[in-house]
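K.L.:
Supplied in structure tokens, the structure appears directly below.
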Amino acid sequence: MPFPPPPRTLTGPRRRSLLTLAAGAALLVGCSTDADDIENTAGSPSAAERARARAATDSETLLQQYDAVLAAHPTLAERLNPLRAEVVRHATAFGGTGSTPSPTATAAPSASASAVPATASDALAGLAGAERALADKRAKALLDVPGELARLLASVAAAGAGHAYLLTEDAK
């Protein structure tokens, strides 16, 4: 008498299980792709370039404030020149020129000179406030830009916070 055939044993998942898993995986991939597209829109090259240009303009504006304080209070040159040099580096790192317009007989220099406080300590406090505000602005902006620019913004924001501390160090 012949032996009956052995019972069929399944060694892997069933065909229905595989189809269900494939459909679920396709659904999940579709969902995550939509989320990735939203994230990439915020970090698009045009948004990154706009953020970089804004950061360069902000650094150059801060540089103008340093120059105005130095023009009004030349005795602060030894203290401010190293910090000013760093601001120039920040502006060039963001793609700016890192220079201020040459002084001419226009209304802008007289307006900036009149905006500088009369005392050196008040001028330093004003620069410290500007550094602190710009550092905070950059810390918020780094959340909306892609990797390398975010790291640059974070580094420059930290340097600005350090500048603010150094500018107020003697005031305490």
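The values are calculated or read from the model by the stated rules, or taken from the named source; none is laboratory data. These figures come from a predicted structure and were not determined experimentally. Glycine gets a Cβ as well: all are built from the backbone with ideal geometry, and neighbour counts include every protein chain shown. Please note that ligands, DNA and RNA were not included when accessible areas were found on the heavy atoms of the full protein model with its side chains. Shrake-Rupley method; radii C 1.70, N 1.55, O 1.52, S 1.80 Å.
K.L.:
In segment 124-168, how many are closer than 17 Å to Arg50 by Cα and of a type outside the set (A, V, I, L, M, F, W, C)?
P.N.:
8
K.L.:
I'd like the full set of residues that are open to solvent by 60 Å² or more (accessible area, probe 1.4 Å) and either under 17 Å from Gln64 (Cα atoms) or touching a residue at least 12 places away in the same chain (Cβ under 8 Å) (or both), limited to segment 137-149.
P.N.:
Going residue by residue through segment 137-149, those that are open to solvent by 60 Å² or more (accessible area, probe 1.4 Å) are 137, 140, 143-144, 148.
Result: Lys137, Asp144.
K.L.:
Name the residues in segment 61-82 that are crowded, with 20+ Cβ neighbours inside 10 Å and closer than 13 Å to Leu167 by Cβ, would you?
P.N.:
Selection gives Leu62, Gln65, Tyr66, Val69, His73, Leu80.
K.L.:
What about Thr100, is it of a type outside the set (A, V, I, L, M, F, W, C), at pLDDT below 90 and within 12 Å of Gln64 (Cβ to Cβ)?
P.N.:
Details: of a type outside the set (A, V, I, L, M, F, W, C): yes; at pLDDT below 90: yes; within 12 Å of Gln64 (Cβ to Cβ): yes.
Against the criterion (of a type outside the set (A, V, I, L, M, F, W, C), at pLDDT below 90 and within 12 Å of Gln64 (Cβ to Cβ)), Thr100 qualifies.
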